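As structure tokens, the structure follows; a few thoughts come after it.
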Amino acid sequence: MSVNDPRIKSRVFVRIRKEKFGYILFERFTRVHYFVTENKTLEIFSKREIKDFLRGYFGNLTEIEYEFINSQNNSLTLSAPIGMYMEISEKCNLSCEHCYKPKEKTKQGLSMANTKRLIDELYEMGVFEIRLCGNEPTISPHFFEICEYIKSLNLYLGVNTNAYFNESMQEKIIDLRPDFIIISVDGTREIHDSIRTTGSYDKVISFLKRLKKTSIKRRINTLVSKATICSIEHIVQLANSVDAGVSFLPLRTIGKSTNFKKDESMDANSMFSVVKKITLLRKQYPNTMLLTYFDLLSKNAIYHHSMDFNKPCPSRKNGFITYDGDFFPCDFLRYLGDKYFCGNVIEKGFNSLWCNSLILKYFQCLEHKKCKKCKFYMIKCYGGCISGAIASVNKLDDELCFAHLL
Ligand SMILES: C[S@@+](CC[C@H](N)C(=O)[O-])C[C@H]1O[C@@H](n2cnc3c(N)ncnc32)[C@H](O)[C@@H]1O
Ligand code: SF4
Ligand code: SF4
């Protein structure tokens, strides 16, 4: 619980979902969620009592609205993921050298009717957020229709994009009012364009400037590789100037091998120097939210995932559905053949996969054995990215951890 969380603003809208252990509180404007393990039956509380209870989480000064959402819990952990990542396009308009996604389309994508049925099911299970993500979601011919549908159900809509589009598309996306837009910026103009394509940096900057004039929550995703470490300060300045946060994501050597992946990939030493830089920049830019894995050097770490239940991320927090309806605990795990394939959501239904998939149960029972002995575990670090570690080096322990160097 954190009443001092700087992300909480003066007005909150909280969705409350019942779980076996208690409740999850999901705050709509900030996308912050809390796991509540207190043994109380909130549903029988009066409105006033519920608001008082929520003030314990979101602070006294807040104007509080809330709603209970339906859930049925037949799974080992949560009744549903917190958020579902959906790949609505099998194609991309760029072909970045670092990208882990294969270019070839192998199967038919979901029809619009099946996509809507899937979104209905996610809604009925009580999923809080749907994130449209890569390949590049904005080039799907159904992008706007899918976004409108998600919004019509009042689900939290996030969009991951490379922002490689023109001004008219920028306006159309802003008019949609997604709740959250996440844009990739990998470095200075020179570095970003060399990784992505010539002219892509200027398009991204133009979109970020336009977004700054709106209240749409925005974040920059930055690939951290040996080639981009020198751009970290530039990215933080940029984020600060457009009121965006930044998530620094280390390059993982997943997917087709490329020279970039061979030459620029990270190790524990380079990760250490990245986190040192980020820690120093936080002092210079205290109002800019900087997220990184292994946030071991700051007094107050900011987490990629909330520290709860001692479980690695893909076991239940989020899930990933491919353009043809295959469900994986995480996109990174999809490139290891069928090893982590949980089933097809159209053939089996998502609820049934969520409750019965043996692969998912494997993740739900996984524990970070090495991390459990670490003094930072669940205090400053959630154990790195387990899917990234499995998919890149076939280990559960994240090789980018630099705790042994401290
Ligand atoms: C797969 S892309 C999809 C959305 C959109 N096309 C974009 O580029 O932002 C989502 C994020 O994954 C990152 N990414 C791609 N390949 C990666 C890799 N091998 N390791 C780490 N992150 C990677 C991208 O840089 C991007 O920020
Ligand atoms: S990182 Fe994004 S923009 Fe680049 S190729 Fe991959 S999916 Fe496309
Ligand atoms: S050992 Fe585990 S918990 Fe500790 S810093 Fe490394 S990844 Fe994080």
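Among (1) touching a Pro at 6+ places or on another chain (Cβ under 8 Å); (2) buried (at least 18 other Cβ atoms within 10 Å of the Cβ); (3) of a type in the set (A, V, I, L, M, F, W, C), where does LEU211 come up short?
(1)
For SER215, indicate whether it is more than 24 Å from SER265 (Cβ to Cβ) and small (Gly, Ala, Ser). Break it down stepwise before answering.
On the way: more than 24 Å from SER265 (Cβ to Cβ): yes; small (Gly, Ala, Ser): yes.
When the stated conditions are applied, SER215 passes them.
Are any of the residues in the stretch 369-380 more than 16 Å from ligand 1 (Cβ to nearest atom), on the phi > 0 side of the Ramachandran plot and touching a His at 6+ places or on another chain (Cβ under 7 Å)?
Let us first name the residues in the stretch 369-380 that are more than 16 Å from ligand 1 (Cβ to nearest atom), namely 369-380.
This time we only want the ones that are on the phi > 0 side of the Ramachandran plot, so: 378.
Checking the rest, the ones that are also touching a His at 6+ places or on another chain (Cβ under 7 Å) come to none.
No, the stretch 369-380 contains no residue that is more than 16 Å from ligand 1 (Cβ to nearest atom), on the phi > 0 side of the Ramachandran plot and touching a His at 6+ places or on another chain (Cβ under 7 Å).
Among the numbered criteria (1) among the acidic types (Asp, Glu); (2) surrounded by fewer than 22 Cβ atoms within 10 Å (Cβ to Cβ); (3) touching a residue at least 24 places away in the same chain (Cβ under 8 Å), which single criterion is violated by ASP186?
Every condition holds for ASP186 apart from (2).
Check the stretch 146-156 and report whether any residue there is closer than 26 Å to ASN287 by Cβ and modelled with pLDDT of 95 or more.
Going through the stretch 146-156, the residues closer than 26 Å to ASN287 by Cβ turn out to be 156.
Then drop every residue that is not modelled with pLDDT of 95 or more, which leaves 156.
For the stretch 146-156, residues closer than 26 Å to ASN287 by Cβ and modelled with pLDDT of 95 or more: present.
Taking the stretch 153-183, which residues are part of a strand (DSSP E or B) and either among the hydrophobic types (A, V, I, L, M, F, W, C) or under 14 Å from LYS209 (Cα atoms) (or both)? Explain how you work it out, then say what you get.
Restricting attention to the stretch 153-183, the residues satisfying the condition of being part of a strand (DSSP E or B) are 156-161, 180-183.
Listed by number, the residues that qualify are LEU157, VAL159, PHE180, ILE181, ILE182, ILE183.
Please go through the stretch 196-210 and pick out each residue that is over 22 Å from the mean Cα position of the chain (by Cα) and closer than 18 Å to PHE248 by Cα. Step through it out loud before you land on a result.
Step one: filter the stretch 196-210 for residues over 22 Å from the mean Cα position of the chain (by Cα), giving 197-203, 206, 209-210.
Once the filter is applied, which keeps residues that are over 22 Å from the mean Cα position of the chain (by Cα) and closer than 18 Å to PHE248 by Cα, the stretch 196-210 yields only TYR201.
Go through the stretch 166-197 and report how many residues are within 14 Å of ligand 2 (Cβ to nearest atom), over 27 Å from PHE29 (Cβ atoms) and not aliphatic (A, V, I, L, M).
Total satisfying the criteria: 7.
Give the stretch 16-64 a look and list any residue that's modelled with pLDDT under 90 and closer than 24 Å to PRO178 by Cβ, or say none.
ARG28, PHE29, THR30, ARG31, VAL32, HIS33, TYR34, PHE58, THR62, GLU63
Name, by its number, the condition in (1) surrounded by fewer than 19 Cβ atoms within 10 Å (Cβ to Cβ); (2) away from ligand 1 (no atom under 16 Å from the Cβ) that does not hold for TYR156.
Evaluating TYR156 over (1) surrounded by fewer than 19 Cβ atoms within 10 Å (Cβ to Cβ); (2) away from ligand 1 (no atom under 16 Å from the Cβ) leaves (1) as the failure.
Please go through the stretch 159-189 and pick out each residue that is among the hydrophobic types (A, V, I, L, M, F, W, C) and either under 22 Å from the mean Cα position of the chain (by Cα) or closer than 15 Å to THR222 by Cα (or both).
Kept after step one, since they are among the hydrophobic types (A, V, I, L, M, F, W, C), are these residues of the stretch 159-189: 159, 163, 165, 169, 173-174, 176, 180-183, 185.
VAL159, ALA163, ILE173, ILE174, LEU176, PHE180, ILE181, ILE182, ILE183, VAL185, listed by residue number.
For the stretch 245-283, which positions are aliphatic (A, V, I, L, M), farther than 19 Å from LEU333 by Cβ and in contact (Cβ under 8 Å) with a residue 40 or more places away in the chain? Full working, then the answer.
Residues of the stretch 245-283 aliphatic (A, V, I, L, M): 246, 249, 251, 254, 266, 268, 271, 274-275, 278, 280-281.
Applying the additional criterion that residues be farther than 19 Å from LEU333 by Cβ yields 246, 266, 268, 271, 274-275, 278, 280-281.
Matches in the stretch 245-283: VAL246, MET266, ALA268, MET271, VAL274, VAL275, ILE278, LEU281.
Just the residues that are in contact with a Ser or Thr (Cβ under 7 Å, 6 or more places away or on another chain) and under 19 Å from SER215 (Cβ atoms), please, taken from the stretch 9-52.
Within the stretch 9-52, LYS9, SER10, ARG11, VAL12 qualify.
For the stretch 214-231, what are the residues that are modelled with pLDDT of 95 or more, under 18 Å from TYR100 (Cβ atoms) and buried (at least 21 other Cβ atoms within 10 Å of the Cβ)?
Hits for the stretch 214-231 are THR222, LEU223, VAL224, SER225.
Report, by residue number, each residue of the stretch 122-150 that is over 12 Å from MET84 (Cβ atoms) and assigned to a loop (DSSP other than H, G, I, E, B). Full working, then the answer.
Step one: filter the stretch 122-150 for residues over 12 Å from MET84 (Cβ atoms), giving 124, 134-149.
Within the stretch 122-150, GLY134, ASN135, GLU136, SER140, PRO141, HIS142 qualify.
Among the residues of the stretch 305-324, are any hydroxyl-bearing (Ser, Thr, Tyr), within 16 Å of ligand 2 (Cβ to nearest atom) and modelled with pLDDT of 90 or more?
From the stretch 305-324, those hydroxyl-bearing (Ser, Thr, Tyr) are 306, 315, 322-323; that's our starting set.
With the extra rule that they be within 16 Å of ligand 2 (Cβ to nearest atom), the set shrinks to 322-323.
Imposing the further condition that a residue be modelled with pLDDT of 90 or more reduces the set to 322-323.
Looking through the stretch 305-324, at least one residue is hydroxyl-bearing (Ser, Thr, Tyr), within 16 Å of ligand 2 (Cβ to nearest atom) and modelled with pLDDT of 90 or more.
Would you call ILE82 at pLDDT below 95 and within 30 Å of VAL14 (Cβ to Cβ)? Don't jump to the end; show me each part of the working.
Working: at pLDDT below 95: yes; within 30 Å of VAL14 (Cβ to Cβ): yes.
It is true that ILE82 is at pLDDT below 95 and within 30 Å of VAL14 (Cβ to Cβ).
The values are calculated or read from the model by the stated rules, or taken from the named source; none is laboratory data. These numbers were taken from a predicted model, which means no experiment stands behind them. Every residue, glycine as well, gets a Cβ built from its backbone with ideal geometry; the counts of neighbours run over all protein chains shown.
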